[in-house]
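Inspection log for the structure reproduced underneath, given as structure tokens.
The values are calculated or read from the model by the stated rules, or taken from the named source; none is laboratory data. Quick caveat, the model's predicted, so the values are computed rather than measured. Reconstructed Cβ throughout: ideal geometry from the backbone, glycine too, with neighbour counts over all protein chains shown. These area figures cover heavy atoms from the full protein model, side chains too; ligands, DNA and RNA do not enter into them. Shrake-Rupley method; radii C 1.70, N 1.55, O 1.52, S 1.80 Å.
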Amino acid sequence: MSLIKTTEEKMKSKNLSTISRRKMLKLGAGTSAAAITALYAPSVISSDPITLRYLGTAVSMGDEVQKKLFEDTGLKVKFIAVTTDEVTKRVLTQPNSFDLVDTEYFSLPKLVPSGNILGMDTKRIKEWDNVTSIFTKGVTPSGKKVGLQGTAPSKVMYLEGSTGKKFANDVTQYATLIPTIYNADTLGIRPDLIGRPINSWAELLNPEFKGKAATLNIPSIGIMDAAMVVEAMGEYTYPDKGNMTKDEIDLTMKIFTEAKKAGQFRAFWTDFNESVNLMASGEVVIQSMWSPAITAVKSQGKDCVYQPLKEGYRAWAAGFALPKTTKGKTADAVYEFVNWYLSGWVGAYLNRQGYYSAVLPTAKQYMSEDEWGFWMEGKAAKGDILSPTGAKLASAGEKRDGGSYEDRMGGVACWNATMDENKYMVRKWNEMVAS
Amino acid sequence: MRKKIRIFQPKLSWLAIPFALIFIAYFVVPLILTLIVSFWDYTEYSIIPDFIFGNYVYIFQGCFSFEDGLCLTFKTYISTFFFCFFTWLITLLLGFSVAYFLAFYVNSLPLQITLFLICTIPFWTSNVIRMVSWIPLLGRNGLVNETLISFGLIQEPMEWLLYSSFSVVLALVHLYTLFMIVPIFNSMLRIDKEVIEAAYDSGANQFQIITNVIIPLCKPGIIIGSIFVITVVMGDFLTIGIMGGQQLASIGKIINTEMNYLQLPGAAANSVILLLITIFIIIVMTKFIDIRKEL
């Protein structure tokens, strides 16, 4: 975390106007934090400080979050940071090794039938009614319908009871996950090395980029990107990309196997950092990528764009769940933590990283008008846009890739998914890698 | 000659108990569990105690019809054998040469020890770092390509340097040559210098001494080194993954993917097969030499 400190120090000496803005923010945060503390104070003061064991990928979590949490609520968290697949494995095999889990919606078809996670009582979530309608209704705040192919959160949002093993068809009191963070993913490109506009997923397999393309070797996500490419090439239109039949899996993998044999791909990646290195070193000019990886490439001074494509985005979303072993005081503390998480400070922190927060109105209070305009409304920045760690992400006049929240989330074509034919899909994917 | 020690004296055999316990707890028990689980059934979210051969059948599905060419399992093993063979061959040649130099050309013991310790210096860093540090060297815009281009030796960067079978074997050789050096060096030190002198006096030349005296006497070291290298490479997925750009198949990677998708019985079945094949290779190798006798 020394990196964070140095960038923050750098920022302080460089940009006085920012520091005053941050001070303002801190003041604002302080007062509302006091209000929150007052609301939930009794459980905290009356007991020893509780440390919550937080299982998740922690992609978005820095030290500041822990510090702020302790200031506001007296709670402490201990992050158990593992990969997405490992989170699922832990929930299923060691449900008593954590108090709170942050997992993706597409893992739910595996987690819920096991009975290892409880429904979260939405009546105890203060901001539940303000959770963005993408999760609860499958539409954007202005009413635009979101693509629902794959494991869309709105399809797996509710349980029949707190200990239900089945998804409810209607709205109930019990939510599977309390949404925390989500985003719309697309291809990352190096515009300086490509030198022409890119506007379709089909470009990933364009022979022009032979030996300079990459995709990820995580079958459940890779297959979705592959499906976006196949559809964009006009080879096939899937009834549901997120739940393919065996024939559809065969077709998709055949197209990718041929491309691989022809030398289209420089590499596959499994780790976030690998994708950063491939792109920054110029080994690859177009690839499946995640948004913080784009930021990481940019911070190395390389031109990198998270290119919006006409076929739309592949979205993902994560949220909090309670394992069945968390009870009593610890469970109360988990609810307190979740309420704090949704109360705005973290939301602003996530939005500044290029993700989206679940409760937009509270996050807005913690962001400057310019920040909100840049990240959420697609407006040109008026001043420098900084990441939570103080790294400069955009200068005045620049706009966010893909534009506003409505444009990006409204342009979602499918969600990360767990398919019925998952076992077959993994085998076919392995065959493609071995070809 | 050598004094015979009877190992199976009752009192002496007590000494074996601590190691036996460790061996049972960390090797025998997990192995038996793996074997049991490989016959279980599973769903997306659970494993079900059962006794089915489905996991094994699944691995060899389509392997004996050859309809669409080779099946996944055969292709993957061929790829794994390929890496295994070349890594073994190159580490053996390198390891033997280094050990030979250390044992027979360096005469003072302190210098021998110093040089041997120098061989271990790369092991002061983690093997991931040793592996990853090849990437900036071999990449398209890496040091090797840039240097060759600036000397005008090549016009276009050589793409096959990285994310290829070449880079995988290079990294594996780099990582595991020491595993060959150590046991071979150890065997060589035990060779009585007088034996070599006798060979020399009988008129053998340098090459004949190596092939007729040193290699036969080093066989145990060579076999032990080979077992180290082969077992490690057979199960490797990290090096093949990172240096091969995740585009080359290895049986370790398949097991890893299955574990990530909670297909644990499938992964267990694959592990059992990998284990059987590796044991088979070792049995074949030890046919050439009775290690217990030589030690």
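Of the residues making up the stretch A:244-257, those that are surrounded by fewer than 20 Cβ atoms within 10 Å (Cβ to Cβ) and of a type in the set (A, V, I, L, M, F, W, C) are A:251, A:255. Residue A:431 passes every criterion in (1) assigned to a loop (DSSP other than H, G, I, E, B); (2) open to solvent by 10 Å² or more (accessible area, probe 1.4 Å); (3) touching a helix residue (DSSP H, G or I) at 6+ places or on another chain (Cβ under 9 Å); (4) within 30 Å of residue B:259 (Cα to Cα) apart from (1).
Residues in the stretch B:93-116 include at least one that is of a type outside the set (Val, Ile, Thr), over 21 Å from residue B:238 (Cα atoms), without any contact (Cβ under 8 Å) to a residue 24 or more places away in the chain and buried (at least 16 other Cβ atoms within 10 Å of the Cβ).
In the stretch B:280-295 there is at least one residue that is under 24 Å from residue B:104 (Cβ atoms) and more than 19 Å from the chain's Cα centre (by Cα).
The residues of the stretch A:408-428 that are away from chain B (no Cβ under 13 Å) and in a loop (DSSP other than H, G, I, E, B), listed by number, are A:411, A:416. In the set (1) open to solvent by 60 Å² or more (accessible area, probe 1.4 Å); (2) assigned to a loop (DSSP other than H, G, I, E, B), the condition left unmet by residue B:152 is number (1). When restricted to residues that are among the aliphatic types (A, V, I, L, M) and not in a helix (DSSP H, G or I), the stretch B:155-191 contains 3.
The conditions of being within 23 Å of residue A:199 (Cβ to Cβ) and touching a Gly at 6+ places or on another chain (Cβ under 6 Å) are not met by residue A:282.
Listed here are the strands (runs of 3 or more DSSP E) enclosed by the stretch A:51-128 that have at least 3 residues being open to solvent by 40 Å² or more (accessible area, probe 1.4 Å) and among the β-branched types (Val, Ile, Thr), and there are none. Among the residues of the stretch A:271-290, those that are in contact (Cβ under 8 Å) with a residue 40 or more places away in the chain and surrounded by fewer than 19 Cβ atoms within 10 Å (Cβ to Cβ) comprise A:272, A:282. Candidates in the stretch B:249-261 are the residues that are surrounded by 23 or more Cβ atoms within 10 Å (Cβ to Cβ) and more than 21 Å from residue A:272 (Cβ to Cβ); of these, the one that is nearest to the other protein chains (Cβ to nearest Cβ) is B:249. A single member of B:132, B:168 is within 14 Å of chain A (Cβ to nearest Cβ) and either open to solvent by less than 20 Å² (accessible area, probe 1.4 Å) or modelled with pLDDT of 90 or more (or both), and it is B:168.
Residues in the stretch A:216-232 include none that are touching a residue at least 12 places away in the same chain (Cβ under 8 Å), within 14 Å of chain B (Cβ to nearest Cβ), in contact with a helix residue (DSSP H, G or I) (Cβ under 6 Å, 6 or more places away or on another chain) and among the small types (Gly, Ala, Ser).
Evaluated against (1) crowded, with 17+ Cβ neighbours inside 10 Å; (2) closer than 30 Å to residue A:54 by Cα; (3) in contact with a helix residue (DSSP H, G or I) (Cβ under 7 Å, 6 or more places away or on another chain), residue A:165 falls short on exactly one condition, (1). Of everything in the stretch B:47-84, what is more than 9 Å from chain A (Cβ to nearest Cβ), open to solvent by 20 Å² or more (accessible area, probe 1.4 Å) and in contact (Cβ under 8 Å) with a residue 12 or more places away in the chain? Give them in sequence order. Once the filter is applied, which keeps residues that are more than 9 Å from chain A (Cβ to nearest Cβ), open to solvent by 20 Å² or more (accessible area, probe 1.4 Å) and in contact (Cβ under 8 Å) with a residue 12 or more places away in the chain, the stretch B:47-84 yields B:47, B:51, B:52, B:53, B:54, B:56, B:60, B:82.
When restricted to residues that are touching a helix residue (DSSP H, G or I) at 6+ places or on another chain (Cβ under 7 Å) and in a helix (DSSP H, G or I), the stretch B:105-121 contains 5. The set of residues in the stretch A:403-422 that are out of contact with any helix residue (DSSP H, G or I) (no Cβ under 8 Å at 6 or more places or on another chain) and either under 17 Å from residue B:253 (Cβ atoms) or among the β-branched types (Val, Ile, Thr) (or both) contains only A:412. Annotation: residue B:233 fulfils all but one of (1) within 14 Å of another protein chain (Cβ to nearest Cβ); (2) touching a Cys at 6+ places or on another chain (Cβ under 7 Å); the unmet one is (1).
Matching residues to (1) closer than 22 Å to residue A:393 by Cβ; (2) crowded, with 19+ Cβ neighbours inside 10 Å; (3) within 14 Å of chain B (Cβ to nearest Cβ); (4) in contact with a Cys (Cβ under 8 Å, 6 or more places away or on another chain):
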site	(1), (2), (3), (4)
A:259	no, yes, yes, no
A:268	no, yes, yes, no
A:300	yes, no, yes, no
A:328	no, no, no, no
A:344	yes, yes, no, no
A:348	yes, yes, no, no
A:357	yes, yes, no, no
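Scanning the stretch A:57-93 for residues that are under 27 Å from residue A:221 (Cα atoms) and away from chain B (no Cβ under 13 Å) yields A:57, A:58, A:59, A:60, A:61, A:62, A:79, A:80, A:81.
Scanning the stretch A:359-392 for residues that are surrounded by 20 or more Cβ atoms within 10 Å (Cβ to Cβ), within 19 Å of the chain's Cα centre (by Cα) and of a type in the set (Phe, Trp, Tyr) yields A:374, A:375. Inside the stretch A:305-328, residues that are in contact with a helix residue (DSSP H, G or I) (Cβ under 9 Å, 6 or more places away or on another chain) and modelled with pLDDT under 90 make up a count of 1.
Number of residues in the stretch A:239-254 that are closer than 22 Å to residue A:199 by Cβ and either within 14 Å of chain B (Cβ to nearest Cβ) or at pLDDT 95 or above (or both): the value is 1. Just one of the listed residues (B:266, B:245) is assigned to a helix (DSSP H, G or I), open to solvent by less than 30 Å² (accessible area, probe 1.4 Å) and out of contact with any Ser or Thr (no Cβ under 6 Å at 6 or more places or on another chain), and it is B:266.
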